[in-house]
Amino acid sequence: MTAWMPSDVLGRRLLCGTEYATVRYVGSVPPTSGIWLGVEWDDPQRGKHDGTYEGTQYFTCRHPRGGSFIRPNKANFGVDFLTAIKDRYGLNDEQDVEHGTENAFIFGKKTVEFVGMDSLTECSLSFSRLNQLVDISVRECAVSHAGQKEEISRTCASIRHINLSKNLISSWETVTAIASQIQNLETLNISENKMKFPHTSTSVSSVFSKLKILALNQTEITWTEVLLCAPGWPALEELYLTSNNITVLERPDNVLQTLKVLDLSDNQLLDGNQLHLIAHLPRLEQLILRNTGIFSIHFPDAEFGCKTKMFSSLKHLVIQDNKISQWSSINELDKLPSLRSLQCHNNPLMDTEKNPETLRQLIIAKISQLEVLNKSEILPAERRGAELDYRKIFGNDWLAAGGNWNPEKNKPSEEFLAAHPRYPLLCLKYGAPEEGELKGQQPLTLKNQLLTLTIKCPEKPEQKPVEKKLPESMTVQRVKGLLYRLLKIPGSELKLSYRSSKLEGKEVELDNDLKTLQFYSIENGDCVLVRW
């Protein structure tokens, strides 16, 4: 039987055994006697109906079988904040207390940091030492309310970081009641608490004046409610809002101006244009949009070759697990003035190239300032190789679209520039591709243009030699792409050379990725050597 019963039961969160639920009805259910609680389970498989019993609808549920009736004595409405701390850290059981490091005690399995201790002998094990706690976790401790007024501030004056995730908190009021008694709160995680948030703007107060990191994942908060609460977070730097069914955004006017990190992952946004509404957060450096359903990115305020005024401080962007299928979205990212790191795995676009090494090179060539791609650093040599290769691969398209080696006649079409906005800049950087380079791009059909080569790894004897037929116009770069599929070693790490079947003992280094096998006079029967 629960030790505490709230007076305002409707809307309260509870535990029944190990299952979480929300109270949707309190009262009688004829023909039975006594009081029942109608609850909506977090796990709808736990339920029996939608709130309707014997033809009478007592409450509603999101899921047609997400509801049940339970007796009040089966409901656990949770404990207050301080009781949870005491239970979690075993402060009632001296046998569970042992010495830890110089400035910490170990209570049960938890190490608790203390402030201002010169030695362990100065610390008594009394409950009053709670006021030295700095970083606490009461995750899954059934916390549902703050407790007696001012009790937290009297006993936990030094707390700075709190993990309150997956408890029984039913409203933002409860969070405020706890936080109002903690003067120096910097980090707060209240994820996995389904709660009610204010529907009107909250007044600016000092409750969260020092809060820098806030996690509200899986709390069912809307973006509108975020903005209504945001005036109370004047110093917030990191905000985590994953899995909240947020679909539309609004412009944050005079709020969230200190925000550096925003995570909107696992919210199915209406479209990519929603991002325009948060594009002017002045200090935003990291935007995480994993699995948000976006299929395109566009910054309409800037022409190709120019920088957008949107996301002016954005350095790190995560757009993996989305529906982006067009290269035009990658072209748009070059407009971001501060972008340095990109994660874009698992988008349909990634299926347009069979060779992941080629795909990586194309992205690098299209985004000029990128330094890290999919958590892998882009070294200067890799960037140079990618840009040179890009310039050559699309050289024939450039000529066909009106490009010319004569600057006065060089007028590529708008369609070409839209598909390859960086191409003119690459030509300025490295020079226009030479006619001889582009001839190698023509398709080969004659059998005698194929070379039969043996590929060996001299420093890896366990790697058996393989024989391959390769076109003589194949570039060293593309040979490396082929070897990536065989060896699973990135092309940037491979060093190639060859031994001629006619010149015994002589080894020639293949030192230019853009040159063809024909350029190096490789012939049938020669051996390509691979090292890394």
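For the range 244-259, the set of residues classified as surrounded by fewer than 19 Cβ atoms within 10 Å (Cβ to Cβ) and either free of Cβ contacts under 8 Å to residues at least 12 places away in the same chain or not β-branched (Val, Ile, Thr) (or both) consists of Asn245, Glu250, Arg251, Pro252, Asp253, Asn254, Gln257, listed by residue number. When Lys309, Lys323 are checked against the criterion of being basic (Lys, Arg) and within 18 Å of the chain's Cα centre (by Cα), Lys323 stands alone in meeting it.
Leu241 meets each of the listed conditions (1) more than 28 Å from Phe295 (Cβ to Cβ); (2) open to solvent by less than 10 Å² (accessible area, probe 1.4 Å) apart from (1). Restricting attention to the range 239-271, the residues that are part of a strand (DSSP E or B) and of a type in the set (A, V, I, L, M) total 3. Kindly evaluate Pro234 against the criterion of being in a loop (DSSP other than H, G, I, E, B) and surrounded by fewer than 17 Cβ atoms within 10 Å (Cβ to Cβ). The answer is no for Pro234.
Any residue at all in the range 387-403 that's of a type in the set (Val, Ile, Thr), more than 19 Å from Pro424 (Cβ to Cβ) and in a helix (DSSP H, G or I)? No, there is no match, as no residue in the range 387-403 is of a type in the set (Val, Ile, Thr), more than 19 Å from Pro424 (Cβ to Cβ) and in a helix (DSSP H, G or I). A Cβ distance below 8 Å, combined with a sequence gap of six or more or placement on separate chains, defines the contacts here; from the range 135-148, residues that are within 16 Å of Lys194 (Cα to Cα) reach residues that are open to solvent by less than 10 Å² (accessible area, probe 1.4 Å) and among the polar types (S, T, N, Q) in the pairs Arg139/Ser165; Arg139/Asn167; Glu140/Ser165; Glu140/Asn167; Cys141/Asn167; Ala142/Asn167; Val143/Asn167; Ser144/Asn167. Exactly one residue out of Leu336, Leu359, Leu287, Leu277 is surrounded by 20 or more Cβ atoms within 10 Å (Cβ to Cβ), outside any strand (DSSP E or B) and of a type outside the set (Phe, Trp, Tyr): that is Leu336. Pick from the range 459-498 the residues that are part of a strand (DSSP E or B) and closer than 19 Å to Glu357 by Cβ: which of them is most open to solvent (accessible area, probe 1.4 Å)? Step by step, filter the range 459-498, then rank; the result is Lys495.
Taking the options Glu377, Glu353, name whichever one is touching a helix residue (DSSP H, G or I) at 6+ places or on another chain (Cβ under 7 Å) and open to solvent by 40 Å² or more (accessible area, probe 1.4 Å). Of the residues listed, the single one that is touching a helix residue (DSSP H, G or I) at 6+ places or on another chain (Cβ under 7 Å) and open to solvent by 40 Å² or more (accessible area, probe 1.4 Å) is Glu353.
Residues of the range 509-526 that are open to solvent by 20 Å² or more (accessible area, probe 1.4 Å) and either over 19 Å from Arg391 (Cα atoms) or basic (Lys, Arg) (or both): Glu509, Lys515, Gln518, Tyr520, Ser521, Glu523, Asn524, Gly525.
Annotation note: of Ile246, Ile178, the sole residue that is within 16 Å of Ile278 (Cα to Cα), touching a helix residue (DSSP H, G or I) at 6+ places or on another chain (Cβ under 6 Å) and either at pLDDT 95 or above or among the small types (Gly, Ala, Ser) (or both) is Ile246.
Annotation note: Cβ proximity below 6 Å between a residue of the range 383-412 that is open to solvent by 40 Å² or more (accessible area, probe 1.4 Å) and a residue that is in a helix (DSSP H, G or I) (sequence gap 6+ or interchain) occurs for Asn396/Leu438.
Of all residues in the range 201-223, those satisfying the criterion of being open to solvent by 30 Å² or more (accessible area, probe 1.4 Å) and under 22 Å from the mean Cα position of the chain (by Cα) are Lys212, Ile213, Asn217, Gln218, Glu220, Thr222. Screening the range 290-303 for residues that are among the aliphatic types (A, V, I, L, M) and surrounded by 18 or more Cβ atoms within 10 Å (Cβ to Cβ) and picking the one that is farthest from Asn331 (Cα to Cα) gives Ile294.
The values are calculated or read from the model by the stated rules, or taken from the named source; none is laboratory data. Treat the numbers as computed from the prediction; the structure is a model and nothing was measured. Quick reminder, even Gly has a Cβ in these numbers, built from the backbone with ideal geometry, and neighbours come from all protein chains shown. Heads up: the accessible areas ignore ligands, DNA and RNA and are worked out on the full protein's heavy atoms, side chains in. Shrake-Rupley method; radii C 1.70, N 1.55, O 1.52, S 1.80 Å.
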